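What follows is calculated from the coordinates using simple rules that are stated; it is not laboratory data. Quick caveat, the model's predicted, so the values are computed rather than measured. Don't worry about glycine lacking a Cβ; one is built from the backbone with ideal geometry, like all the others, and counts go over all protein chains shown.
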Amino acid sequence: MTFLWSQRSATAQLWCQVAVPGRPTQRHSEMLSALAQRSPLLARMRLLGAMSVRAAHTHGDHDAVPYYTKPAYFDHRTSPLPEIPFHEDLTSQENALKEKEKGPWKQLSLEDKISLYRIKFDKTYAEMNKPSNEWKSVIGSVLFFFGITGLIVWWQRVYVFPPLPHTLEEDWKAMQLRRELDMRIGIIEGLSSKWDYEKNDWKK
């Protein structure tokens, strides 16, 4: 425990010394190398730091950034101000309209204001609140699959499943019931207890 605490204290002191400006770079590298030999974790941190510094000093453009890290347009009632405009690549007419926007808005017509809005946003609140007819396609799809399932069950019942055994016929079940009554099965609390053997009928 004492060794871990001393190593953590030494690490903290070393990082504080490295963070102080005006220190020689060679001394920093020597201290980091010596400490990295003692701690594999610091060696990994040093490697990641070097990689980040190299990536920061590369002479690449912004297109080298992965597309999934860039902000995306998201239009929703709970997000009234998207991070980026709806149209980023503007035409010459739209660029002229954006320059005109910098002047007095009294000089803008209603069509110009609508065009400027469409450059920034995709839908209005009225368009976002408008109900859609998606429920029709959902119900239609559900009924379609119900129909397909019914056809499959009918086909299996006719062509796949074997015929019902004779023990499920009404005459056979009646004879089986009479046999159980004659054998007085469940005479105390079961089936035969509900049968009146004198009247030859069910008890009321």
### Query
Reachable lysines from K173, Cα under 21 Å, same-chain residues fewer than 8 places away excluded?
K194, K203
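Considering only the other residues whose Cβ falls under 10 Å of the Cβ of D112, what net charge follows from Lys and Arg at +1 and Asp and Glu at -1? Please report the intermediate quantities before stating the final value.
Values: positive: K100, K113; negative: E101, E111.
Result for the local shell: 0.
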### Task
Calculate the all-directions average of the projected area of the stretch 97-204's alpha-carbon convex hull, and give it in nm².
18.3 nm²
### Query
Gain in length, L143 to E88, computed as 0.36 nm per residue apart minus the alpha-carbon separation, to one decimal in nm?
15.5 nm
